[in-house]
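Here the structure is laid out as structure tokens; the discussion comes afterwards.
The values are calculated or read from the model by the stated rules, or taken from the named source; none is laboratory data. All values derive from a computational prediction rather than experimental measurement. Neighbour counts run over all protein chains shown; Cβ positions are idealised from the backbone, glycine included.
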Amino acid sequence: MAHFTRYALVGGVVAAPLFITLWALQAVTRDGFRPTYHPLSLLSLGEAGWVQITNFILTGLLLVGAAIGLRRAGGAGAGSRSTAVLVGLMGSGLVIAGIFVTDAGAGFPAGAPAGAPVMSWHGAVHELGFVLTQLSFVALTIVLAVRFGRARQRGWLIASILAVVGALVVAVVGSPETMAIRLVFSSAIELGFVAAIAAQTLRQQTSSRVDQIEAHRAGRRLGTPLR
């Protein structure tokens with residue numbers, strides 16, 4: 001497997017823990033930020049907002065890279081064109097959310113209005129990036145569930161269904177006061193599922209490469225003249 005493909009898939013594995021870790025560090029260090037109440041997008045605002053902006057963009061680019069890796073790796077299901085496109089769209093949505101920041105509100109950062117903000121054009125584009133990521137994830141799990149079902153890969157079929165159901169239930173069911181933290185958990189499920197697909201593809205490609213090397217060595221041994 002080409003080095004770029006391997007690194008791209010590793011990036012897809014790393015994206016999930018990177019995104020959640022950077023959110024957690026900011027959640028406990030940014031003054032006035034309440035993780036259970038303030039949406040994570042608000043971390044893009046203020047003097048330290050560059051951290052979350054970088055988090056959005058870097059995670060998104062890692063997913064776009066993973067999409068390229070999935071497409072180049074090929075294979076049944078996880079490397080299909082539709083899977084790669086949808087993972088790439090998820091990443092693109094995060095990049096958009098990073099470039100176009102949300103509007104201040106809910107009292108964060110300091111001096112922001114206490115209630116919901118008046119949405120600006122860049123706030124609207126930020127929301128479109130979020131919607132793109134969510135719709136792409138739902139479509140991804142449906143596509144993979146169908147493919148894994150046809151391939152009789154029951155474990156991955158169940159994982160696909162649980163991922164989309166879990167992400168939606170966590171995001172939707174519960175008190176409005178805890179929606180912010182639930183959306184973080186939902187994002188962790190979504191990115192974690194993509195990480196699992198990337199890791200599985202990486203393992204398959206590594207195993208295939210090892211088998212090719214062993215077959216090549218065996219062929220050379222058989223072709224060596226006896227002495």
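Points worth noting:
- Residue count, segment 157-187 (criterion: exposed (fewer than 14 other Cβ atoms within 10 Å of the Cβ), part of a helix (DSSP H, G or I) and hydroxyl-bearing (Ser, Thr, Tyr)): 1
- So Ala97, is it within 25 Å of Ile53 (Cβ to Cβ) and in contact with an Asp or Glu (Cβ under 6 Å, 6 or more places away or on another chain): no
- Looking only at segment 25-43, and only at residues there that are outside any loop (DSSP other than H, G, I, E, B) and of a type in the set (S, T, N, Q), the one that is surrounded by the most Cβ atoms within 10 Å (Cβ to Cβ): Ser41
- Filter result for the condition that a residue is under 14 Å from the mean Cα position of the chain (by Cα) and either of a type outside the set (Gly, Ala, Ser) or assigned to a helix (DSSP H, G or I) (or both), over Ser82, Ser92: Ser92
- For Ile99, the conditions (1) out of contact with any Lys or Arg (no Cβ under 8 Å at 6 or more places or on another chain); (2) more than 30 Å from Leu157 (Cβ to Cβ); (3) at pLDDT 95 or above; (4) crowded, with 19+ Cβ neighbours inside 10 Å are fulfilled apart from (4).
- Qualifying position, being touching a strand residue (DSSP E or B) at 6+ places or on another chain (Cβ under 8 Å) and not aromatic (Phe, Trp, Tyr), among Ala116, Ala110, Ala188: Ala116
- Residue pairs meeting the criteria (Cβ under 7 Å; at least 6 apart or on separate chains; first farther than 18 Å from Val172 by Cβ, in segment 116-139; second part of a loop (DSSP other than H, G, I, E, B) and of a type in the set (A, V, I, L, M, F, W, C)): Pro117/Ala104; His122/Phe100; His122/Val101; Val125/Phe100; His126/Phe100; His126/Val101; Gly129/Phe100
- Boolean, Ser82 is within 21 Å of Glu190 (Cα to Cα) and either of a type in the set (Lys, Arg) or modelled with pLDDT under 95 (or both): yes
- Segment 19-39, residues that are hydroxyl-bearing (Ser, Thr, Tyr) and without any contact (Cβ under 8 Å) to a residue 24 or more places away in the chain: Thr21, Thr29
- Residue match in segment 4-15 (condition: in contact with a Lys or Arg (Cβ under 9 Å, 6 or more places away or on another chain), touching a residue at least 40 places away in the same chain (Cβ under 8 Å) and in a loop (DSSP other than H, G, I, E, B)): no
- Across segment 196-211, the qualifying residues are those that are of a type outside the set (S, T, N, Q) and within 17 Å of Arg71 (Cβ to Cβ), and the one among them that is modelled with the lowest pLDDT is Leu202.
- Count of segment 119-156 residues, restricted to those that are part of a helix (DSSP H, G or I), surrounded by 14 or more Cβ atoms within 10 Å (Cβ to Cβ) and over 19 Å from the mean Cα position of the chain (by Cα), is 6.
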